[in-house]
Amino acid sequence: LKTPLMIMQVTIQGILDGVIPNEDQEEELMNVVDEINKSSIMIQDMLQIYRLDDAQSELEISEFSLSNCIHEFVEDFVAVIKQHNLLINLDVKKDVYIEADNKLIRRVISNFYTNAIKYTPENESINIHLSETPDEVYFELINYGAHIDPANLDNIWMPFFRGEDTNISERLKTKGTGIGLYLVSEILKAHNCKFGIENVENGVKSYFWINKKVE
């Protein structure tokens, strides 16, 4: 949190001292708003991690359709997908229900999906698969045209770790909070899931197995 606070302090002080010209002040203030939003997300993520680590805290379990959840996320990002000419291939079985913490599982899918959008070059595709066995549900997302340095694969779940990919376009260099995948891992561990992220041919696969019912 020290970095965004320093950026905000320097920017506002520069405006007050007259160092930043009037014509640049609006843009600089928008950068301050952006840093405030990032800080807010970071604090929310840290609080969620604290709650997951708290032995007294319980998951808010309910039954919901994971199929519908995926379709909702896809609909929410239609504009972004079109803007960057990405192709979404859905292989999602209908009416797949699980018992889990709806809000937290949505957070997992949101993180996997938004990361895929950020790190998939234009004119490439994102494949989403959802299937089930009698006892488990399997979610898989593969975004093509992307790759994670093998040396970083063991580190991506660490808090505040950010890998670099020099092959991605300018639109993908936006920095996140660095907590997203760590929070994802804590959520999936709390649900006793098997999960992972790995390189596949010309792409990156994110996946998890989750029990249909709470054990």
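The values are calculated or read from the model by the stated rules, or taken from the named source; none is laboratory data. Keep in mind it's a predicted model, so treat the numbers as computed, not measured. For neighbour counting, all protein chains shown are included, and Cβ atoms are generated from backbone atoms with ideal geometry for every residue, glycine included. Just so you know, the surface numbers come from the protein's heavy atoms only, side chains and all, with ligands and any DNA or RNA stripped out. Shrake-Rupley method; radii C 1.70, N 1.55, O 1.52, S 1.80 Å.
Under a point spin-label approximation (7 Å from Cα along Cα-to-Cβ), what is the Ile61-Val33 distance to one decimal in nm?
Result for the modelled spin labels: 4.3 nm.
What value, in deg cm²/dmol to 500, does the helix sum -39500 (n - 2.57) over DSSP H runs of n ≥ 4 give at 222 nm once divided by the residues of the chain?
Mean residue ellipticity, 222 nm, calculated: -14500 deg cm²/dmol.
List the lysines whose Cα lies under 18 Å from the Cα of Lys82, skipping any in the same chain that are fewer than 8 positions away.
Filter leaves Lys118.
If the cut-off is a Cα-Cα distance under 18 Å, which lysines reach Lys194, setting aside same-chain residues fewer than 8 apart in sequence?
Straight-distance partners of Lys194: Lys205, Lys212, Lys213.
Any idea what Rg and Dmax come out to for region 1-134 if you just take the C-alpha atoms, in Å?
Values for region 1-134 (Cα only, Rg and Dmax): 20.4, 67 Å.
To make sure I understand the rule: partners must be aspartates and glutamates, Cα under 14 Å from the Cα of Lys103, and not fewer than 8 residues away in the same chain. Which ones qualify?
Leaving aside aspartates and glutamates fewer than 8 places away in the same chain, those within reach of Lys103 are Asp45, Glu58, Glu60, Glu63, Glu72, Glu186.
What percentage of the solvent-accessible surface of the chain, computed with a 1.4 Å probe over protein heavy atoms, is contributed by carbon and sulfur atoms?
51 percent
Separation between the Glu122 and Glu136 pseudo-spin-labels, each 7 Å from Cα along Cα→Cβ, expressed in nm?
Computed distance between label sites Glu122 and Glu136 equals 4.0 nm.
Counting just the Cα atoms, what span does region 1-76 cover along each of its three principal axes? Round to the nearest Å and put the largest first.
The principal-axis extents, from largest down, are 57, 35, 12 Å.
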